[in-house]
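See below for the structure under consideration.
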Amino acid sequence: MTLSTPPVVLLDLAVATAGPGAPWLPDAATAAEVAEAAERAGITALRILDETPDATTLDATVLAGHLAGRTSTLGYLVDVRTSHHAPYNLARRLLSLDRASGGRTGLVLRPGEGDEVSAAVAPDPAASDPALRWQEYAAILLRLWESFPAEALVGDQEAGVFVRDELIAPISHDGSFYRVNGALDGPSSVQVRPLHVVADTDVLSWDQVAATADLVIVDRDRAPGADQALGAALRRVGRDRADVALVGRTAVDPAVLRFPQALTTDLRSWAGRDGLDGFDLVPLAEGPGSVGASALAILETVVPLLGSRTGATLREATGSVPAPAETAGAGTTSVEVAS
């Protein structure tokens, strides 16, 4: 089997500031070169990582904002753990980036611990399960992103109406991990809300994933069976498999780039075998400064052979149908991981 349509194509990118792995990763100037090459190649999005195993990285939201200002059609997925920001702060930051980029932003929310702001008012200080925390955090984000609809911002000087405040609704959330009143202080974006991406199916149950995800990333060793598991979970929450893109993440060795046609054939075969809608490509290093060079080589040799989905917004490019925000927190609280 082969992909019947152009795939979603993502490329991992991080800029290191310190640590033993820092010399292998691109600096900000090289990251800008990669972003511009990615836009020329027509990939769906860059995935901006906020951490690596052996290096401290530049804040992913800052880097995405910097790069988005240099491109006009490229999408950006920003990795952030629950421990880095309170939900309201992250919701504001991501929605502002999504509005500024014209609907080209998504969030890869990663499970983690709590943040110091939320901990001070946590409804249940004993609550600690990272999967349940993630589930509550994700549901809050989706509701906040729709709490100030774009049509509420009127700006009618003659009528003396700036906003229709009756359309702005506080979410009044009081859960186990967070108390968030809302609403946000700025309107929704052209794609209504940033794409919500899930990349931790080893920690989260498929039902938790299905309740909020627009796109799911699975590592290559976890891809077998993921299509069926995701489809079944989506049906349980009243959604369709076509609503959510499933993307396989795989490392690309620089040596393999000498044979781009063989690599492309392997990727397409993998997608057909495991029901994938696309790929998250991870450039590997072969020496200092080589990750940036590997990323550029992937964009120049592999992506033209693969093709890639694009669109006016990131949501349009991935073909995702958003989960209803008001039901995002409903459903199972099981923390059984996917098999």
Take the residues of the stretch 75-120 that are touching a residue at least 60 places away in the same chain (Cβ under 8 Å), in a helix (DSSP H, G or I) and closer than 18 Å to Glu136 by Cα: which is nearest to the chain's Cα centre (by Cα)? Leu94
Does the stretch 149-160 contain any residue that is touching a helix residue (DSSP H, G or I) at 6+ places or on another chain (Cβ under 7 Å), over 22 Å from Ala211 (Cα atoms), buried (at least 17 other Cβ atoms within 10 Å of the Cβ) and small (Gly, Ala, Ser)? yes
Working only within the stretch 256-280, note down all residues that are in contact with a helix residue (DSSP H, G or I) (Cβ under 8 Å, 6 or more places away or on another chain), surrounded by 18 or more Cβ atoms within 10 Å (Cβ to Cβ) and among the small types (Gly, Ala, Ser). Gly275, Gly278
Selection within the stretch 114-142 - at pLDDT 95 or above and over 22 Å from Ser320 (Cα atoms): Asp129, Pro130, Ala131, Leu132, Arg133
Restricting attention to the stretch 5-24, does a residue exist that is touching a Ser or Thr at 6+ places or on another chain (Cβ under 7 Å), over 25 Å from Asp200 (Cβ atoms) and not in a strand (DSSP E or B)? yes
Those residues of the stretch 33-58 which are surrounded by fewer than 18 Cβ atoms within 10 Å (Cβ to Cβ), of a type outside the set (Ser, Thr, Tyr), modelled with pLDDT under 95 and more than 17 Å from the chain's Cα centre (by Cα), in sequence order: Pro53, Asp54
Do we find that Asp207 is within 22 Å of Leu132 (Cβ to Cβ), among the acidic types (Asp, Glu), touching a residue at least 24 places away in the same chain (Cβ under 8 Å) and assigned to a helix (DSSP H, G or I) in this structure? yes
For the stretch 224-255, which residues satisfy the criterion of being surrounded by 18 or more Cβ atoms within 10 Å (Cβ to Cβ), closer than 16 Å to Val9 by Cβ and among the aliphatic types (A, V, I, L, M)? Ala245, Leu246, Val247, Val252
For a quick check of your reading of the model, give me the residue pairs whose first member lies in the stretch 210-229 and is hydroxyl-bearing (Ser, Thr, Tyr), whose second is in a strand (DSSP E or B), with beta-carbon atoms closer than 8 Å and at least 6 apart or on different chains. Thr212/His196; Thr212/Val198
Residue count, the stretch 227-255 (criterion: more than 21 Å from Glu316 (Cβ to Cβ), of a type in the set (Gly, Ala, Ser) and out of contact with any strand residue (DSSP E or B) (no Cβ under 8 Å at 6 or more places or on another chain)): 6
Could we say that Thr30 is more than 18 Å from Val9 (Cβ to Cβ), under 12 Å from the mean Cα position of the chain (by Cα) and among the β-branched types (Val, Ile, Thr) here? no
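Residues are listed down the side, and each one gets a yes or a no for (1) within 24 Å of Ala127 (Cα to Cα); (2) at pLDDT 95 or above:
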| position | (1), (2) |
| --- | --- |
| Leu153 | no, no |
| Phe177 | yes, yes |
| Gly182 | yes, no |
| Gln208 | yes, yes |
| Ala213 | yes, yes |
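The values are calculated or read from the model by the stated rules, or taken from the named source; none is laboratory data. Remember, predicted model here, so these are calculated numbers, not experimental data. Every residue, glycine among them, receives a Cβ derived from its backbone with ideal geometry; neighbour counts consider all protein chains shown.
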